[in-house]
């Protein structure tokens, strides 16, 4: 079984090391100093209470060097995927599965969902249908990524917490391809359950990303502060209630309520969200998959989203002002 991790930054690098340690035939697509360090010295993973581990890896910035894969696990940020779909084509054979480990509303959301929106494309996350046409929705296996990690220097990943990668077919089936990948990831020491309702998992994570990310970037507040301050908690809660109404119209079931989800964010502590970190570091901000797409789903389902609309307008302008949102 050949596995390519496309986007071997923090999460992709963590996943790559774990798979390589388990003896998998894994290759990584990366770029810049991080790629150079991996080629020269291997990829190092630092985990809490364990000695650093360095593994030799096959890494390239040219997918054509890697050949056809059984699984291509995409761990890029959502806005980075459409421009590279063409470059990824050499990785695909007739039976290649694309595992979409990308935050936010996935471009394939309405594939095999059924109902009046079956097959609907989402312009906010797949402009020009680049992924729908370039990957093909039948290749896709959903994945919700829970670990937190960071690249602390080129070629070195620090794992912060979590090891769960929930997998799920768009049609809810427990397919052979999902079970085979799950078994491989479990062998690598990861939690990889195959869920029959992967969209429920997507929305529970999206609930927090939708609200906590833009509010933290706008206010420069860590999770413990924005989830307990009465004003910002109320804004986050209103966004989440609007999102819940959209999701439930699309058949999603939430296993917890809004206030428990916010309390869970507060319990994380003084954490800077990824959107705030991107703003501070001058990296493109992941606004569309986390917020704009929810607004688009609101329009498709006829659901008013006044709080989401307001916060989205503010974070889009903040991103444009910083030159980090196009």
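In nm, to one decimal, how far is the modelled label at residue 245 from the one at residue 299, with both set 7 Å along Cα→Cβ?
My value for the distance between the label points is 1.8 nm.
Can you classify the stretch 168-326 as rounded, prolate or oblate using the Cα gyration tensor, where a ≥ b ≥ c are the square roots of its eigenvalues, rounded means a/c under 1.5, and otherwise it's prolate if a/b beats b/c and oblate if not? Mind showing how you got there, number by number?
On the way: a/c = 1.67, a/b = 1.45, b/c = 1.15.
It is prolate, given that a/c is not under 1.5 and a/b is the larger ratio.
To the nearest 500 deg cm²/dmol, what mean residue ellipticity at 222 nm is calculated for the chain from DSSP H runs of n ≥ 4 alone, each contributing -39,500 (n - 2.57), summed and divided by the residues?
-12500 deg cm²/dmol
Helix 306-321 versus the longest principal axis of the chain: what angle, 0 to 90°, nearest 10, using Cα atoms?
Rounded to the nearest ten degrees, it is 50.
Using the 10 angstrom Cβ neighbour count as an exposure proxy, how do 46, 157 rank, fewest first? If you can, show how the numbers build up before the last one.
Numbers: 46 17, 157 27.
By the 10 Å Cβ count, ascending: 46, 157.
Nearest 10 degrees, 0 to 90: what angle lies between the long axis of helix 10-21 and the longest principal axis of the chain (Cα atoms)?
Relative to the chain, helix 10-21 is tipped by roughly 40 degrees.
What is the stretch 151-260 by shape, rounded, prolate or oblate, if you read a ≥ b ≥ c off the alpha carbon gyration tensor as root eigenvalues and call it rounded for a/c under 1.5, prolate for a/b larger than b/c, and oblate otherwise?
oblate
Nearest 10 degrees, 0 to 90: what angle lies between the long axis of helix 198-219 and the longest principal axis of the chain (Cα atoms)?
70
Between (i) 69, 47, 36; (ii) 55, 44, 38; (iii) 49, 42, 35, which matches Cα extents along the principal axes in Å calculated for the structure shown?
Answer by label: (iii).
7 Å from Cα along Cα→Cβ at both residue 268 and residue 152: what's the point-to-point distance in nm?
Placing both labels 7 Å beyond Cα along the Cβ direction yields 2.0 nm.
Determine the shape class of the stretch 17-60: with a ≥ b ≥ c the square roots of the Cα gyration tensor eigenvalues, call it rounded for a/c under 1.5, and otherwise prolate if a/b is greater than b/c, oblate otherwise.
oblate
Arranged from highest to lowest average of other beta-carbon atoms within 10 Å per residue, in what order do the peptides 12-18, 295-301 appear?
12-18, 295-301
Based on the mean of other Cβ atoms within 10 Å per residue, sort peptides 172-178, 273-279 so the most packed one is first.
On the way: 172-178: 14.9, 273-279: 21.7.
So the order, starting with the most tightly packed, is 273-279, 172-178.
Quick one: order 212, 165, 254 by neighbouring beta-carbon count within 10 Å, fewest to most. Provide the component values of the computation, followed by the final result.
Values: 212 29, 165 23, 254 17.
Final ranking by Cβ density, sparse to dense: 254, 165, 212.
Once label points are set 7 Å from the Cα along Cα→Cβ at both residue 112 and residue 89, what is their separation, rounded to one decimal in nm?
Result for the modelled spin labels: 2.5 nm.
Return the percentage of antiparallel bridges among DSSP beta bridges fully within the chain, rounded to the nearest 5 %.
Within the chain, antiparallel bridges account for around 35 percent of the total.
Read the figures in this text as sums done on the coordinates, not as results from a lab. Remember, it's a predicted structure, so these values are computed and weren't measured experimentally. Using ideal geometry, Cβ is built from the backbone for each residue, glycine included, and neighbour counts are taken over all protein chains shown.
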